[in-house]
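This report refers to the structure that appears directly beneath it.
The values are calculated or read from the model by the stated rules, or taken from the named source; none is laboratory data. Only a predicted model underlies this, so the values are computations on that prediction, with no experimental measurement involved. With ideal geometry, Cβ positions are generated from the backbone for all residues, glycine too; neighbour counts draw on all protein chains shown. In case anyone asks, the SASA skips ligands and DNA or RNA and just uses the protein heavy atoms, side chains included. Shrake-Rupley method; radii C 1.70, N 1.55, O 1.52, S 1.80 Å.
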Amino acid sequence: PSRPFTPYNVFFQLERERILQEHGEGYAANPPKTKDDNLSVRPPSYRNLILAKNWYNAGSKKNGRLLDKTKRRAHGVVTFVELSKQISENWAAVDEQVKEYCTLMSHEDTKRYRIEMDVFIDKYGYDSVKRTYKKRRNNVEFEVKSCVSEKSVKRTDQL
């Protein structure tokens, strides 16, 4: 299963679409087949965006228009470096309402991940996820408990 988005990843997706749609690209130029209907939940600054139904789910674009990398077309609006710099500056100055919304969407994605992970464990067994992973910075092992109540397992969550 695709790992869940963090609140910053959710914010990045929102801001990227906002920037692209301001320039006539993104979902504005190529609307998704199923659209997100939860406009009332979104912060006011993002209510006018056209978003796919499960835009906040990590890996949801793999099921849609970005599956074939050979057919991708660069939008040409802004480079990735400029985009990421602008979005990180916006994240530092974002209001609490937007952060709460991004956190809420991140929790929704985490629920999806846990459900998919439990299905994966049921199908392939605990041995497939028992590998030990270490944090990159200080090489400390960590453990995340499964939604399955039998026992805790080592997961592939890197911090």
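One line per residue, one yes/no per condition, for (1) under 21 Å from Pro4 (Cα atoms); (2) among the hydroxyl-bearing types (Ser, Thr, Tyr); (3) out of contact with any Gly (no Cβ under 9 Å at 6 or more places or on another chain); (4) modelled with pLDDT of 75 or more:
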| site | (1), (2), (3), (4) |
| --- | --- |
| Val41 | yes, no, yes, yes |
| Ser45 | no, yes, yes, yes |
| Tyr56 | yes, yes, yes, yes |
| Gly64 | yes, no, yes, no |
| Lys71 | no, no, yes, no |
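Would you say Val94 is touching a His at 6+ places or on another chain (Cβ under 9 Å) and either of a type in the set (A, V, I, L, M) or assigned to a helix (DSSP H, G or I) (or both)? Criteria not met by Val94.
Taking the range 30-53 as the range and being part of a helix (DSSP H, G or I) and either open to solvent by 60 Å² or more (accessible area, probe 1.4 Å) or among the hydrophobic types (A, V, I, L, M, F, W, C) (or both) as the test, the residues that pass are Pro44, Ser45. Checked across the range 90-98, the condition of being closer than 20 Å to Pro7 by Cβ, at pLDDT 80 or above and touching a Pro at 6+ places or on another chain (Cβ under 7 Å) holds for at least one residue. Within the range 136-144, is there a residue that is open to solvent by 100 Å² or more (accessible area, probe 1.4 Å) and at pLDDT 50 or above? Scanning the range 136-144 turns up no residue that is open to solvent by 100 Å² or more (accessible area, probe 1.4 Å) and at pLDDT 50 or above. Is it true that Tyr27 is surrounded by 15 or more Cβ atoms within 10 Å (Cβ to Cβ), modelled with pLDDT under 90, of a type in the set (Phe, Trp, Tyr) and not in a loop (DSSP other than H, G, I, E, B)? Against the criterion (surrounded by 15 or more Cβ atoms within 10 Å (Cβ to Cβ), modelled with pLDDT under 90, of a type in the set (Phe, Trp, Tyr) and not in a loop (DSSP other than H, G, I, E, B)), Tyr27 qualifies.
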